Structures are given as C-alpha cells and as structure tokens.
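Here's the structure, in structure tokens; my notes come after.
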Amino acid sequence: MEENKDNKENNKFKFAKPSKIETKEKKGPGFGKSVLLPFCSGIIGAALVVGVCFGIPSVKNNLLTAGSSTSTSTGTQSVGTQNLVSLNDYTGTATAVAAKVLPSIVGINVQYTVNSIFSGSQSAEAEGSGIILSEDGYILTNNHVVSSSDASSYYQVSEANKITVTLYNDTTEYEAKVIGTDSQTDLAVIKIDKSGLTAAELGDSDSITVGEFAMAIGNPLGMQSSVTSGIISAVDREITSDEGTTYNLIQTDAAINSGNSGGALVNGSGQVIGINTLKLEGTSVEGMGFAIPINSAKPIFEQLISDGKVARPYIGLSGRDLDEKTAKANNLVEGVYVVSVEAFSGAEKAGIKAGDVIIQIDGKDIKTMDELNEIKNTHKIGDEITLKINRNGKEMDVKVTLQEQPSENNN
C-alpha cells in the first residue's frame, strides 16, 4: 500500500422555471380595463404568490418537484437541468438497518492479568464487539478481542481469565467460552449458554460495490450499541497490520474505533458484509476503517464451530523473497529462498533443502512467499503439489504431499 513518505511513519493500522404565460390581444373598446389592467394585476399577484411560496421550504420543494419525473428509488428527482436529492430515503434506510441489526450485535468484555517488572501483577480489562451467528449462542468476533496473550522483556499478558457478553438492551453479563480462534485471519468464535437470540443475516461481500451504503455497528470505547454510517470506499484492499499479517479487506469511511473490533459492517439491507477489524491511525488520517469480508470469514468460523480450529495445508519450510537485486548479488535466481525446512514435514520428505530457490509451484512462476501461499492454499491437506526449485544453478521438479499445518506455522 503506497503512502506519502512524510506521513507514513505517523500512520498505523491498529487490529435541487416558472411556466411561460402567453396572452392574445383582443380588439375593441375598453382594452385597458378589460385586458391590460387584469393582466398586470395577474402578473403582480403571481409574483407575490411565488415570492411568498418560495419563502416556505415545504411549498418551495413542492413547486420545484411538481410535474417532475422520479429518476431513481433513492429520492433523486430530475427537474429540468437540476437534480434534487432527498435525504428521506437515506434516513429511512439507516434507521431500518440499525433496528434490524442491533439485536444481533453484542458487547464483549475480557478480563486478563498483566505481569510487569515495574508494577507486578495487575488485573486488566478490554472490550470489543461480536456478531450473533445462531439463536443458541454462537458469536463471531476478532481473535485479537478474545486472545489477549502478549509478552515483551518488560511485561507479560495472560490469556483471558474471563470473557463476558452483554446483549442488546440487556444488562445481564453472560459468561462465554472460547470455541476456537484463528490468528491468521484474526477470527474467533465464542459461545454463551442462552437460546432465543437474534442471529444476524449474512450478506454476499463479493457483490458489494464502491460507493454503496455501509453501516458499522458495535461498542466503540465501551459505548454499547453505537452505529456509524458511510459508504464502501474500496474492496479487496491489501493491508498489513502492525503485527505483520497481511489481509484483503473492505475499506469504509464509516467510523471504526477501539471497541468496534468484532462488530458488523452491514449493507443497506441489514446484511452483514464484513467484520470490523482495523483502522488507520495518524495525524493526517480520517475515515479509513477496514473489515474482513464475510465471504472469506464464513469457511473459517464454520471450521471453528465444527472442529475448534482451522485446518490448512502445510509444506513445511520457511523462506524469504528474493528480488532481482538480491538474487544477482548472491549469484542466485529470483524466487523464494528456502531458509529452513521443518523436520518430518512434506518438504523434508521431498528432499527440499535450505539454500534452494523455489521458482514455480504447479507450473506457475512465483517470486514471493505470498504467491507461494496463495497457490498452496487452493489445495487440500493430502494433495500433492509440484515445486520447481533451483539448486546451485540447476533446476529440478520435486513433488510435495501437503500435511496439516501446525498452529504455530504458516507455510
């Protein structure tokens, strides 16, 4: 993603004519009294009426729109060369969407412990949002909302000690259990012991278009059941978080703030099209929020519910990208340089070694790990793929059987 170099360091992704009057002259006596005087009086009277009416907004609008033809169902009307846009339909859409979706959005509170070399052990809390998936209590949220574990040389954050959920218009705190998490997609599913909930209606994120209505719903800064509206600013936006994970996301100018994570981005029909997850922060930034497309999230949360984890194909190696400059400097070719090979992995069994350069997968040229993973992830566990490698200037094909990816590995 290109950014202005002067601002890049300060910007961070944190997870609306009157009618023509014709007269005919009549010959005969009394023209001034019978024609001219009434005509002038009529003109003066019409001017007064129009002047008074145009001072009254509702009458003015009726006059402007009288006889006009409606051009769209969204309140846009055509009058001569003018286009007048009514906000009535926008307001109606927003209120209807909010009323439909709010009962399906929950507040999430996470309690954990922070152990610091400066202040010892202390309790802490974090808040986020979630989307009800089923009437029996399954809730979708972000992994970073419920997985608080973190560490540095100065502190260590524990896993969540307790997770509670608050429903719309209900002050009761329901304790939740984690069903499954996936750090790679930043998604998680939790569950509360309650039935009769209002499940959100899921939409089709592949059919959304730039410029259409969008509403973000969640609990920003602890302010439960808040809604913000805007439009879809972009689709399939490639974003890399502070943690280094790259996502393909929906961009929106509907305000997304801390606590909105895990909440819903919905369309004009009140259907969930995304899960709010990131915002761009910086002194020069305004109105740049991002959501995980619901179509890419669906197979993930379905696996989390059924298996408690996401099973992905795994080659068993770590690598780095080799661009043209680096490759030439090291007497290598462009591609993916194999840094290490995991023991007992498909890569090791296929004979791949550290120092090899992968230049093709299934006959397709690659130059980056992202390209390698993109093709690999179209396969299933147990599939056999063909890698073309360059070893000491010689090319060879190796066949690798994909295994299930351990949770701590990516390739």
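Couple of notes before you dig in:
- Looking across the range 214-271 at every residue that is hydrophobic (A, V, I, L, M, F, W, C) and touching a Phe, Trp or Tyr at 6+ places or on another chain (Cβ under 6 Å), the one that is modelled with the lowest pLDDT is identified as ILE239.
Residue by residue, here is whether (1) in contact with a His (Cβ under 8 Å, 6 or more places away or on another chain); (2) surrounded by fewer than 17 Cβ atoms within 10 Å (Cβ to Cβ); (3) assigned by TED's automatic domain parsing to the domain that holds VAL114; (4) assigned to a loop (DSSP other than H, G, I, E, B) holds:
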position: VAL145; (1), (2), (3), (4): no, no, yes, no
position: GLN156; (1), (2), (3), (4): no, yes, yes, no
position: ILE163; (1), (2), (3), (4): no, no, yes, no
position: THR171; (1), (2), (3), (4): no, yes, yes, yes
position: THR209; (1), (2), (3), (4): no, yes, no, yes
position: MET215; (1), (2), (3), (4): no, no, no, no
position: THR228; (1), (2), (3), (4): no, no, no, no
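- Condition broken by ASP253, with the remaining ones in (1) in contact with a Ser or Thr (Cβ under 9 Å, 6 or more places away or on another chain); (2) surrounded by fewer than 22 Cβ atoms within 10 Å (Cβ to Cβ); (3) of a type outside the set (Ser, Thr, Tyr); (4) outside the structural domain of GLU238 (by TED's automatic domain parsing) satisfied: (4)
- You will find that of ASN276, ASN248, ASN267, ASN260, the residue that is surrounded by fewer than 16 Cβ atoms within 10 Å (Cβ to Cβ) and either under 16 Å from VAL210 (Cα atoms) or of a type outside the set (D, E, K, R) (or both) is ASN248 and no other.
- Selection count where residues are charged (D, E, K, R) and in contact with a helix residue (DSSP H, G or I) (Cβ under 6 Å, 6 or more places away or on another chain), scope the range 177-207: 3
- Some residue of the range 189-200 being farther than 22 Å from GLY287 by Cα, charged (D, E, K, R) and not in a strand (DSSP E or B): yes
- Of the strands (runs of 3 or more DSSP E) contained entirely in the range 289-401, those carrying at least 3 residues that are under 30 Å from VAL227 (Cβ atoms) fall at 289-293.
- Residue list for the range 193-251, restricted to those being at positive phi and of a type in the set (Ser, Thr, Tyr): SER225
- Of residues in the range 272-292 being of a type in the set (A, V, I, L, M, F, W, C) and modelled with pLDDT under 90, the one farthest from the chain's Cα centre (by Cα): VAL285
- Of the residues examined, LYS100 is one that is surrounded by fewer than 18 Cβ atoms within 10 Å (Cβ to Cβ), farther than 24 Å from ILE300 by Cα and modelled with pLDDT of 95 or more.
The values are calculated or read from the model by the stated rules, or taken from the named source; none is laboratory data. Since this is a predicted model, take the numbers as computed values, not measurements. Methodologically, a virtual Cβ is constructed for each residue, glycine included, from the backbone with ideal geometry; neighbour enumeration extends over all protein chains shown.
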